[in-house]
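**Q** Dumping the structure here so I can ask a few things about it.
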Amino acid sequence: MTSEELLQIAEEANADREASDFEVNVCVALGCLSQHSDKLKDTLTAEAAAASPRTGKRCHVRGTGCMGLCAAGPLVRVGSAADAGAQTLYAGVREGDVKALIESLGGKPVERLTAHLDQYFRGQIPIVLENSGYIDPEKIDEYIGRDGYQALIKALTEMSPQTVIEQISKSGLRGRGGGGYPTGLKWSTVAKAVGAQKYVICNADEGDPGAFMDRSVLESDPQRVIEGMAIAGYAVGASKGYIYVRAEYPLAVTRMTSSLRDARRRGLLGNNICGTTFAFDIEIRLGAGAFVCGEETALIASIEGLRGQPRPRPPYPAVSGLWGSPTLINNVETFANVAPIIRKGAEWYASIGTEKSKGTKVFALTGKITNTGLVEIPMGMPLREIIFGIGGGVPNGRKFKAVQTGGPSGGCIPEEHLDLPISYEALIDVGSMMGSGGMIVMDDTSCMVNVARFFMEFCMTESCGKCIPCRAGTAQMYQLLTKICDGKASHADLDLLIDLCDVVKNTSLCGLGMTAPNPVLSTLRYFKHEYMEHIDHQHCRAGVCACGSKPLSELSQAEVPA
Amino acid sequence: MSAPVDVKTLVIDGVNVSGSAGQTVLEVARENNISIPTLCHLDGLSEVGACRMCLVEVKNSPKLFPSCVLKVEEGMEVTTASDRLKHYRQTILELFFAERNHICSVCVANGHCELQSTAQSQGLTHVRLPYRNPKLDVDASHERFVLDHNRCILCTRCVRVCAEIEGAHVWDIMGRGIDSMLIADLHQPWGESSCTRCGKCVQVCPTGALSEKSKFGAEHPKHPEFLPYLNMMREGQ
Amino acid sequence: MNLAPPPLPSDDKRWKIVNGTMRRHGFARHALIETLHTVQSSFGFLDDVAIRFVAQSLHVPLSQAFGVATFYNHFSLKPAGKHTCTICLGTACYIKGADRLMAEAEKRLKIKAGHTTPDGNISLMTARCVGACGRAPVILEDSELLGLVEPGVMLEQLERWAAHD
Ligand SMILES: Cc1cc2nc3c(=O)[nH]c(=O)nc-3n(C[C@H](O)[C@H](O)[C@H](O)COP(=O)(O)O)c2cc1C
Ligand code: FES
Ligand code: FES
């Protein structure tokens, strides 16, 4: 395939698109699918076909990827095919609404279904999600129609591997899998490493329970990830890639499998890609339910068919990874940023975000928040704007208590830090971390000790068991936290807990153990009074814990915690 | 004169030492009579870096490194003993003791146990953590040996010696996290497994988890030091 | 060591599917997890016969294969019940009250999570996020995903399953 051929496909795809007068886009990603949006799409298709002879207008019904606002599903976006930006978004569409919806095409939108969500979209900048909800993820040509694979062709025909890496470095892109390691630097290490065979691995294990950005990208825009991996393969000199997807995401696996086939058929994977000598192909490997396999050395062990146990680094995978070969591992979202950077240039990307954290980040906004779903915001946006602006704040008149980021490795951020502009460093400063992008809002019905215990239980059951601090330390900390929740702990227990946090954090073999104490440390930092209430007064202010919640009014005045 | 390029000079605990590229900090330290406690390491076996006893500080890094896998580098400055390391090592030992059921006075390995001797050398006097005391099996199905899970610290020396030296790979670990457990073949009784009865695993076990039947305490010295000789002999062949 | 591949454990056609996975990977050792996935999806669980067959075919030591099979949550060594109710206990679902769903289900079925009712009808399982957090709390009834679940809705389904025994 040459760039002319690519343009031709793009033109045909777009001509196809514009041949219809209207289009009806139905979200068939997991969230809406769970509300039978696939059947809804069939009904819409039948209704549109029936209406066509009457109205003389052609209407195309398309199944698309995630439109962001999963809680309001099923979502349908309709309007003129020529102007996707001016379409109307409908929420909570049922079979019974189909007739009205099709009839309204070209006329006034159906008011009762219209999602009034200007606030939700205000301030969002879709880069990773730019195609999500606009294309049929199973049609490679629709991706090409939206500038897909231009970046790969540009890289292969106009750029040396070195220039590709320079562009990625200059863009300031950092790893979206949690650590925030500069992507360009990682690529250049792998490029420089000696080895006849090198590998590119896409980490799609998305272990953070409460995050679904990667799933959404894989389901909604799979070609984007493939293109990013191929560009990376070219840049570092690898001919073979793996996508490691968790088994809990069957739909993502199916979509990815068929997308790989389509890319091969179009000559965008395989030998002599775009008429050059570059060869690259990708295989899928299934995870099997182990959080620790998101850690890069454990992931490699798992691809090798072994127990997913990490090993000490160095050596880093960039030097000695899969089967001892230099291996590049990046997260799904990291790869999804690659094509736009190559296409539009590093300067454009670096103009978005803060000094050290460039570009956008996708967050999965969930918990006690009005608008749950996926949001993509520029780095540097204050947390308050995400939660109270885009997210619409805490529902049911309850009071905001904390927002949890970084998953089991992260922490809880209280109200006082909500004006914090989001960046890798800022989140670490307040005792949390960026993580993969889970953002869980809690109100005053959540007990922070209980939340810390929840994460510790998670780490305990997900510990691989190889090193002693993580294996036995998480179990001991879990017991201590349970004791506190049950109102049976002493101050000595709390001291012991704090000591264990320090030991486990500093002596564990891999990131799981090193960060397992974080939820405890961050809740201790901001909500120590809740710990003390459990210990001194057997009181859980949220009324969640087993020690019960003796109403504060029953405590003598001297006892009332500050 | 051409300087041999693969010699690295470094400082361990203030002493100038040298080692060759590819050597670990632990090896070089021991060559220079600097002792670092270890449990999962055994000369002659691959390294796993799991017991964390050998952690050391490296100047200009906030992270600690397991010296059994850390390769020497030119100009490195290593500290193997500090108050911080001492506290970490003691707490890790506590975690080991409290994980299962280690009561030295009633253990077959009393007096010949590396967990016990390491605790002594590290100055551990009591365990602050509650013993978990899981009720675990004792497998006495083998005609010569016994496996007592209550004394196992999951160092995987037995797994490695069986796979790497004996070539039988009878042992492995099942489950994960706190539920990890040593198994023979498909989680079968040891006596019914494909065990070659060589006894190497018993020799390398640092505690009383693997022992010879009918031997107790003083009668039960182990000889894990046979491995380097074995490897040397093999290489010489 | 016996290098000839072992015979199929029985003439059950599903072994051919398992063998197919291994052949596709050239009977390489690293195909272990992929092959166990095939066994899990074809048979619903892994028993000793299956693990032994796969291990011998791929020349993986038995204990290593067993170690792998028990490391990953996705593989189970016991057959599941006729129906499975999976409750997501990921963070988003937990904050939205998944623990209450779990308590109700345990009370109704009189079993703990991870177990199957004595009559083999219903298994109660947990998941750590199925990626539908936007609709938390989430449960899977067999493989059908349900979002924004109230305890009552879940209990009704459990009753229906129990009645269809
Ligand atoms: C316990 C643990 C779990 C992890 N889980 C994930 C994950 O689910 N997805 C991911 O992309 N990275 C995960 N990581 C980070 C990876 O180890 C690795 O840093 C990342 O995939 C690198 O990609 P990036 O540079 O593009 O972020 C995890 C790390 C640890 C320690
Ligand atoms: S001896 Fe180095 S970690 Fe065990
Ligand atoms: S936390 Fe339940 S689906 Fe993500």
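**Q** Test of understanding: among A:Ile428, A:Ile440, A:Ile413, which residue is β-branched (Val, Ile, Thr), in a helix (DSSP H, G or I) and either closer than 17 Å to A:Pro519 by Cα or more than 11 Å from every other protein chain (Cβ to nearest Cβ) (or both)?
**A** Result of the check over A:Ile428, A:Ile440, A:Ile413: A:Ile428.
**Q** Output the residues belonging to the stretch B:169-189 that are of a type in the set (Gly, Ala, Ser) and buried (at least 19 other Cβ atoms within 10 Å of the Cβ).
**A** Residues of the stretch B:169-189 that are of a type in the set (Gly, Ala, Ser), as a first pass: B:175, B:177, B:180, B:184.
Once the filter is applied, which keeps residues that are of a type in the set (Gly, Ala, Ser) and buried (at least 19 other Cβ atoms within 10 Å of the Cβ), the stretch B:169-189 yields B:Gly177, B:Ser180, B:Ala184.
**Q** Related question: Quick check on this structure: which one of B:Lys63, B:Lys59 is surrounded by fewer than 18 Cβ atoms within 10 Å (Cβ to Cβ) and within 16 Å of ligand 1 (Cβ to nearest atom)?
**A** B:Lys63
**Q** On the basis of being among the aliphatic types (A, V, I, L, M) and within 14 Å of chain A (Cβ to nearest Cβ), does C:Leu101 make the cut?
**A** On the way: among the aliphatic types (A, V, I, L, M): yes; within 14 Å of chain A (Cβ to nearest Cβ): no.
Against the criterion (among the aliphatic types (A, V, I, L, M) and within 14 Å of chain A (Cβ to nearest Cβ)), C:Leu101 does not qualify.
**Q** Can you say whether A:Tyr244 is within 13 Å of chain C (Cβ to nearest Cβ) and either in a loop (DSSP other than H, G, I, E, B) or aromatic (Phe, Trp, Tyr) (or both), as far as the supplied structure shows?
**A** yes
**Q** Restricting attention to the stretch C:147-156, report how many residues are surrounded by 19 or more Cβ atoms within 10 Å (Cβ to Cβ) and in a helix (DSSP H, G or I). Before you say what the answer is, go through the steps one by one.
**A** Step one: of the stretch C:147-156, the residues surrounded by 19 or more Cβ atoms within 10 Å (Cβ to Cβ) are C:147, C:149, C:154.
When the remaining residues are screened for being in a helix (DSSP H, G or I), the result is C:154.
Summing the residues that are surrounded by 19 or more Cβ atoms within 10 Å (Cβ to Cβ) and in a helix (DSSP H, G or I) in the stretch C:147-156 gives 1.
**Q** Would you confirm, using the coordinates I've provided, whether B:Ala81 is of a type in the set (A, V, I, L, M), at pLDDT 95 or above and in a loop (DSSP other than H, G, I, E, B)?
**A** yes
**Q** Counting just the residues of the stretch B:88-137 that are charged (D, E, K, R) and facing chain A (nearest Cβ under 10 Å), which one comes out nearest to A:Thr482 (Cα to Cα)? Working first, answer last.
**A** So the first thing to find is which residues in the stretch B:88-137 are charged (D, E, K, R), and the list is B:89, B:94, B:99-100, B:114, B:128, B:132, B:135, B:137.
Subsequent filtering for residues that are facing chain A (nearest Cβ under 10 Å) retains B:89, B:94, B:99-100, B:128, B:132.
Numbers: B:Arg89: 26, B:Glu94: 20, B:Glu99: 17, B:Arg100: 20, B:Arg128: 17, B:Arg132: 14 Å.
Restricting to residues being charged (D, E, K, R) and facing chain A (nearest Cβ under 10 Å), the top hit is B:Arg132.
Yes/no matrix, rows are residues, columns are (1) within 19 Å of B:His87 (Cα to Cα); (2) surrounded by fewer than 21 Cβ atoms within 10 Å (Cβ to Cβ); (3) within 16 Å of ligand 3 (Cβ to nearest atom); (4) not charged (D, E, K, R):
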| residue | (1), (2), (3), (4) |
| --- | --- |
| B:Val11 | no, yes, no, yes |
| B:Val15 | no, yes, no, yes |
| B:Val25 | no, no, no, yes |
| B:Asn33 | no, yes, no, yes |
| B:Ile36 | yes, no, no, yes |
| B:Ser46 | no, yes, no, yes |
| B:Arg52 | yes, no, no, no |
| B:Leu55 | yes, no, no, yes |
| B:Cys68 | no, no, no, yes |
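**Q** When you look at A:Leu129, is it part of a helix (DSSP H, G or I) and surrounded by 20 or more Cβ atoms within 10 Å (Cβ to Cβ), yes or no? Write out each step before concluding.
**A** On the way: part of a helix (DSSP H, G or I): no; surrounded by 20 or more Cβ atoms within 10 Å (Cβ to Cβ): yes.
It is false that A:Leu129 is part of a helix (DSSP H, G or I) and surrounded by 20 or more Cβ atoms within 10 Å (Cβ to Cβ).
**Q** In the stretch A:464-494, which residues are at negative phi and either assigned by TED's automatic domain parsing to the domain that holds A:Gly289 or within 16 Å of ligand 2 (Cβ to nearest atom) (or both)? I'd like the intermediate steps shown before the answer.
**A** Quick first cut of the stretch A:464-494, residues at negative phi only: A:464, A:466-486, A:488-494.
Hits for the stretch A:464-494 are A:Cys464, A:Lys466, A:Cys467, A:Ile468, A:Pro469, A:Cys470, A:Arg471, A:Ala472, A:Gly473.
**Q** Against the condition within 12 Å of the chain's Cα centre (by Cα) and among the small types (Gly, Ala, Ser), how does B:Ser46 come out, does it pass? Show your work before the answer.
**A** Values: within 12 Å of the chain's Cα centre (by Cα): yes; among the small types (Gly, Ala, Ser): yes.
When the stated conditions are applied, B:Ser46 passes them.
**Q** Just checking, which of A:Leu481, A:Leu497, A:Leu418 is at pLDDT 95 or above and either surrounded by fewer than 19 Cβ atoms within 10 Å (Cβ to Cβ) or within 29 Å of the chain's Cα centre (by Cα) (or both)?
**A** Working: A:Leu481 fails: either surrounded by fewer than 19 Cβ atoms within 10 Å (Cβ to Cβ) or within 29 Å of the chain's Cα centre (by Cα) (or both); A:Leu497 fails: either surrounded by fewer than 19 Cβ atoms within 10 Å (Cβ to Cβ) or within 29 Å of the chain's Cα centre (by Cα) (or both).
Result of the check over A:Leu481, A:Leu497, A:Leu418: A:Leu418.
**Q** It is to be established whether one or more residues within the stretch A:35-44 are within 26 Å of A:Gly107 (Cβ to Cβ), of a type in the set (A, V, I, L, M, F, W, C), surrounded by 22 or more Cβ atoms within 10 Å (Cβ to Cβ) and in contact with an Asp or Glu (Cβ under 7 Å, 6 or more places away or on another chain).
**A** Pass one, the stretch A:35-44, residues within 26 Å of A:Gly107 (Cβ to Cβ): A:37, A:39-44.
Then drop every residue that is not of a type in the set (A, V, I, L, M, F, W, C), which leaves A:40, A:44.
Those still in the list that are surrounded by 22 or more Cβ atoms within 10 Å (Cβ to Cβ) too: A:40, A:44.
In the following step, the residues that additionally are in contact with an Asp or Glu (Cβ under 7 Å, 6 or more places away or on another chain) were identified as A:40.
Yes: the stretch A:35-44 contains one or more residues that are within 26 Å of A:Gly107 (Cβ to Cβ), of a type in the set (A, V, I, L, M, F, W, C), surrounded by 22 or more Cβ atoms within 10 Å (Cβ to Cβ) and in contact with an Asp or Glu (Cβ under 7 Å, 6 or more places away or on another chain).
**Q** Does A:Arg224 fit the bill of being among the basic types (Lys, Arg), buried (at least 24 other Cβ atoms within 10 Å of the Cβ) and more than 16 Å from ligand 3 (Cβ to nearest atom)? If you could, list the steps in order and put the result at the bottom.
**A** Working: among the basic types (Lys, Arg): yes; buried (at least 24 other Cβ atoms within 10 Å of the Cβ): yes; more than 16 Å from ligand 3 (Cβ to nearest atom): yes.
Yes; evaluated as a whole, the condition is true for this residue.
**Q** Can you say whether C:Cys93 is among the hydrophobic types (A, V, I, L, M, F, W, C) and either away from ligand 1 (no atom under 16 Å from the Cβ) or assigned to a strand (DSSP E or B) (or both), as far as the supplied structure shows? Break it down stepwise before answering.
**A** Numbers: among the hydrophobic types (A, V, I, L, M, F, W, C): yes; either away from ligand 1 (no atom under 16 Å from the Cβ) or assigned to a strand (DSSP E or B) (or both): yes.
Here the answer is yes, as C:Cys93 does meet what is asked.
**Q** Any residue in the stretch B:139-152 that is modelled with pLDDT of 95 or more, buried (at least 16 other Cβ atoms within 10 Å of the Cβ), assigned by TED's automatic domain parsing to the domain that holds B:Trp190 and within 17 Å of B:Cys40 (Cβ to Cβ)?
**A** yes
**Q** Please enumerate the residues belonging to the stretch B:77-94 that are surrounded by 20 or more Cβ atoms within 10 Å (Cβ to Cβ) and either among the hydrophobic types (A, V, I, L, M, F, W, C) or away from ligand 2 (no atom under 14 Å from the Cβ) (or both). Write out each step before concluding.
**A** Taking the stretch B:77-94 and keeping what is surrounded by 20 or more Cβ atoms within 10 Å (Cβ to Cβ), we get B:78, B:85, B:88-89, B:91-94.
Of everything in the stretch B:77-94, those that are surrounded by 20 or more Cβ atoms within 10 Å (Cβ to Cβ) and either among the hydrophobic types (A, V, I, L, M, F, W, C) or away from ligand 2 (no atom under 14 Å from the Cβ) (or both) turn out to be B:Val78, B:Leu85, B:Thr91, B:Ile92, B:Leu93, B:Glu94.
**Q** If you don't mind, there's one more thing I want to ask. I'd like to verify a number: residues in the stretch C:125-165 that are of a type in the set (Lys, Arg) and within 14 Å of chain A (Cβ to nearest Cβ), how many?
**A** Step one: of the stretch C:125-165, the residues of a type in the set (Lys, Arg) are C:128, C:135, C:160.
Those left that are additionally within 14 Å of chain A (Cβ to nearest Cβ): C:128, C:135.
Counting residues in the stretch C:125-165 that are of a type in the set (Lys, Arg) and within 14 Å of chain A (Cβ to nearest Cβ) gives 2.
**Q** Let me ask you something else. Residues that are more than 16 Å from ligand 3 (Cβ to nearest atom), within 21 Å of C:Ala163 (Cα to Cα), of a type in the set (Ser, Thr, Tyr) and touching a helix residue (DSSP H, G or I) at 6+ places or on another chain (Cβ under 8 Å): does the stretch C:73-86 have at least one?
**A** No, the stretch C:73-86 contains no residue that is more than 16 Å from ligand 3 (Cβ to nearest atom), within 21 Å of C:Ala163 (Cα to Cα), of a type in the set (Ser, Thr, Tyr) and touching a helix residue (DSSP H, G or I) at 6+ places or on another chain (Cβ under 8 Å).
**Q** Say we look at the stretch B:48-62 and pick out the residues that are more than 8 Å from every other protein chain (Cβ to nearest Cβ) and in a loop (DSSP other than H, G, I, E, B); which of these is nearest to ligand 2 (Cβ to nearest atom)?
**A** B:Cys54
**Q** So which residues in the stretch B:169-205 are acidic (Asp, Glu) and without any contact (Cβ under 8 Å) to a residue 12 or more places away in the chain? Show your work before the answer.
**A** In the first step, residues of the stretch B:169-205 are kept if they are acidic (Asp, Glu); the result is B:172, B:179, B:185, B:192.
Listed by number, the list holds a single entry, B:Asp179.
**Q** Let me ask something else about it. Of everything in the stretch B:149-190, what is of a type in the set (D, E, K, R), more than 9 Å from every other protein chain (Cβ to nearest Cβ) and over 21 Å from B:Leu45 (Cα atoms)? Give them in sequence order.
**A** Of the stretch B:149-190, the ones of a type in the set (D, E, K, R) are B:151, B:157, B:160, B:164, B:166, B:172, B:176, B:179, B:185.
Restricting the remaining residues to those that are more than 9 Å from every other protein chain (Cβ to nearest Cβ) gives B:151, B:157, B:160, B:164, B:166.
Hit for the stretch B:149-190 is B:Arg151, nothing else.
**Q** Could you tell me whether any residue of the stretch C:55-73 is away from every other protein chain (no Cβ under 12 Å) and assigned to a helix (DSSP H, G or I)?
**A** Initial filter on the stretch C:55-73 (away from every other protein chain (no Cβ under 12 Å)): C:57.
Filter again for assigned to a helix (DSSP H, G or I), leaving C:57.
Yes; the residues of the stretch C:55-73 include at least one that is away from every other protein chain (no Cβ under 12 Å) and assigned to a helix (DSSP H, G or I).
**Q** Still on this structure: Pick out the one residue from C:Lys107, C:Lys96 that is facing chain A (nearest Cβ under 10 Å) and either over 16 Å from the mean Cα position of the chain (by Cα) or under 23 Å from C:Phe45 (Cα atoms) (or both). It would help to see each step written out before you state the result.
**A** Working: C:Lys107 fails: facing chain A (nearest Cβ under 10 Å).
From the options C:Lys107, C:Lys96, the qualifying one is C:Lys96.
**Q** Further question: For residues that are over 18 Å from the mean Cα position of the chain (by Cα) and within 9 Å of chain C (Cβ to nearest Cβ), scanning just the stretch A:290-306, find the one that is nearest to ligand 2 (Cβ to nearest atom).
**A** Here the answer is A:Leu306.
**Q** Taking the stretch A:453-509 only, how many residues are more than 10 Å from chain B (Cβ to nearest Cβ) and of a type in the set (Gly, Ala, Ser)?
**A** 3
**Q** Now a separate question. Scan the stretch C:119-139 and give yes if some residue there is under 19 Å from A:His36 (Cβ atoms), in a helix (DSSP H, G or I) and under 21 Å from the mean Cα position of the chain (by Cα), otherwise no.
**A** no
The values are calculated or read from the model by the stated rules, or taken from the named source; none is laboratory data. A quick note: this is a predicted structure, and the numbers were derived from the prediction, not measured. Glycine also receives a Cβ, built like all others from the backbone with ideal geometry; neighbour counts cover every protein chain displayed.
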